[in-house]
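K.L.:
One structure coming up, written as structure tokens, with questions to follow.
The values are calculated or read from the model by the stated rules, or taken from the named source; none is laboratory data. Fair warning: this is a prediction, and the values are worked out from it, not measured in the lab. Using ideal geometry, Cβ is built from the backbone for each residue, glycine included, and neighbour counts are taken over all protein chains shown. Side chains included, ligands, DNA and RNA excluded: accessible areas come from the protein's heavy atoms. Shrake-Rupley method; radii C 1.70, N 1.55, O 1.52, S 1.80 Å.
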Amino acid sequence: TGVGLEPLRGSTIIEQIDLSLVGDHQSPNISPKPPISCEFVLPILDSIIEREGCSLSHVQFPSVWSEGGKSIQFEQFRIRYNEMLDNRGVGCAKCNTNLPPGDLSWIGERIVQNFTCYECLKHFCITCTNDDGEDVLGHCHNCKKGYCTDCQKSKGCICCDFEYCVDCRDFTDCSGCDSVFCEECIASGNEHSKCYECEGRFCNEFCAKYEISTHCDSCKKSFCNNCHAEYHQDEDWPSCNRCRDCFCDDCNEKKGILYAIQMCDSCYTSYCGDCREFVTFEGDDIMCEEDEENKNCAGCLQLAGLISDEKWGLRNGSSE
């Protein structure tokens with residue numbers, strides 16, 4: 001509940017209070033929700049910030065206090081805490097700009113303290129960068145803590161666009177550029193493409209478009225340009241001209257002649273089984289350049305008829 005903080009009441013020497021109830025580089029989103037209470041904690045914090053000579057520079061609030069709407073009691077404390085730090089006239093440790101800048105505040109709506117490194121307690125503005133061009137102060141999406149680049153390295157995931165401490169998440173490099181993927185995006189299999197042969201991963205932001213040469217919509221295998229050239233002699237996999245599905249050679253063969261993607265020998269138009277039936281019997285105006293009288297490829301007509309006969313046979317057999 002927070003009653004254990006009572007020995008800190010009125011302290012002038014404590015510089016940091018962490019109420020997140022978790023260890024370093026752990027998510028503060030705890031289940032079940034902890035019963036830590038504003039009613040017990042805020043009067044103790046008030047007794048600290050109202051003392052002359054107060055040394056408190058950073059408070060890490062419980063994540064649960066940001067859920068379901070913040071209490072009036074906390075909002076009133078937030079105002080007093082911001083005023084306390086404002087009155088100190090704190091400046092950025094790198095450029096000496098007064099903090100906080102403009103209309104920003106030390107504790108914002110997310111109830112996370114801004115402009116302060118959790119580790120060294122130095123204060124930084126939002127525009128300063130280090131020698132590598134990185135923001136001096138970052139904020140981890142997992143542990144909800146801010147760190148300067150001297151205290152903790154962080155990386156931004158190209159897929160989810162969140163920044164994480166390197167101690168909070170494992171990362172995998174994009175095989176085509178300098179971008180990285182976080183472990184959660186790797187596990188989800190979304191927002192990136194993986195080569196089935198070399199197991200290289202390519203970001204969908206740019207690299208997958210140019211480095212992944214082909215993707216099977218049946219087994220979901222993808223091949224990068226290098227592996228496709230080495231193992232498939234640069235031959236394109238069959239692709240349907242109507243639905244745009246693409247099947248690898250193995251999957252296309254397994255589908256059999258009725259449902260595989262087949263190419264017309266006359267005009268080189270390709271259709272999968274479902275689209276072949278549709279363009280033949282549903283009236284799509286798709287004309288074979290070499291077979292204008294029949295309007296559709298002769299091979300497509302023949303295969304579509306076989307598909308229709310098979311489906312009729314299945315329906316007839318199920319009704320008997």
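K.L.:
Has segment 117-126 got any residue that is more than 23 Å from L19 (Cβ to Cβ), modelled with pLDDT under 95 and open to solvent by 20 Å² or more (accessible area, probe 1.4 Å)?
P.N.:
yes
K.L.:
Right, next: Of everything in segment 60-69, what is out of contact with any helix residue (DSSP H, G or I) (no Cβ under 7 Å at 6 or more places or on another chain), within 18 Å of I30 (Cβ to Cβ) and open to solvent by less than 60 Å² (accessible area, probe 1.4 Å)? Give them in sequence order. Working first, answer last.
P.N.:
Of all residues in segment 60-69, those out of contact with any helix residue (DSSP H, G or I) (no Cβ under 7 Å at 6 or more places or on another chain) come to 60-64, 66-69.
Then drop every residue that is not within 18 Å of I30 (Cβ to Cβ), which leaves 60-64, 66-68.
Result: Q60, F61, P62, S63, V64, S66.
K.L.:
Going by the conditions given, is L56 touching an Asp or Glu at 6+ places or on another chain (Cβ under 7 Å), closer than 22 Å to E15 by Cα and surrounded by fewer than 18 Cβ atoms within 10 Å (Cβ to Cβ)?
P.N.:
On the way: touching an Asp or Glu at 6+ places or on another chain (Cβ under 7 Å): yes; closer than 22 Å to E15 by Cα: yes; surrounded by fewer than 18 Cβ atoms within 10 Å (Cβ to Cβ): no.
For L56, the condition - touching an Asp or Glu at 6+ places or on another chain (Cβ under 7 Å), closer than 22 Å to E15 by Cα and surrounded by fewer than 18 Cβ atoms within 10 Å (Cβ to Cβ) - is not met.
K.L.:
With open to solvent by less than 60 Å² (accessible area, probe 1.4 Å), outside any loop (DSSP other than H, G, I, E, B), at pLDDT below 95 and out of contact with any strand residue (DSSP E or B) (no Cβ under 8 Å at 6 or more places or on another chain) as the only criterion, which of F74, F40 stands out?
P.N.:
Values: F40 fails: open to solvent by less than 60 Å² (accessible area, probe 1.4 Å).
Every option except F74 fails the conditions.
Residue by residue, here is whether (1) open to solvent by 70 Å² or more (accessible area, probe 1.4 Å); (2) more than 30 Å from V64 (Cα to Cα) holds:
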position	(1), (2)
N142	no, no
G146	no, no
K153	yes, no
R169	no, no
F181	no, no
C185	no, no
C195	no, yes
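K.L.:
If you go through segment 241-271, how many residues are farther than 17 Å from K221 by Cβ, in contact with a strand residue (DSSP E or B) (Cβ under 9 Å, 6 or more places away or on another chain) and either small (G, A, S) or open to solvent by less than 20 Å² (accessible area, probe 1.4 Å) (or both)?
P.N.:
Result for segment 241-271: 3.
K.L.:
May I pose another question? Exactly one condition in (1) open to solvent by 90 Å² or more (accessible area, probe 1.4 Å); (2) charged (D, E, K, R); (3) within 20 Å of F124 (Cα to Cα) is not met by E50; state its number.
P.N.:
The one condition E50 does not meet is (3).
K.L.:
I've got another one for you. When the residues of segment 1-20 are narrowed to those that are assigned to a loop (DSSP other than H, G, I, E, B) and surrounded by 15 or more Cβ atoms within 10 Å (Cβ to Cβ), which ends up modelled with the lowest pLDDT? Please lay out each step first, then the result.
P.N.:
So the first thing to find is which residues in segment 1-20 are assigned to a loop (DSSP other than H, G, I, E, B), and the list is 1-2, 9-15, 19-20.
Keeping just the survivors that are surrounded by 15 or more Cβ atoms within 10 Å (Cβ to Cβ) gives 2, 11, 19-20.
Numbers: G2: 86, S11: 96, L19: 95, S20: 93.
Filtering first and then ranking leaves G2.
K.L.:
Which one is nearest to K254 (Cα to Cα) among residues in segment 218-244 that are out of contact with any helix residue (DSSP H, G or I) (no Cβ under 9 Å at 6 or more places or on another chain) and modelled with pLDDT of 80 or more?
P.N.:
Across segment 218-244, the extreme among qualifying residues is S239.
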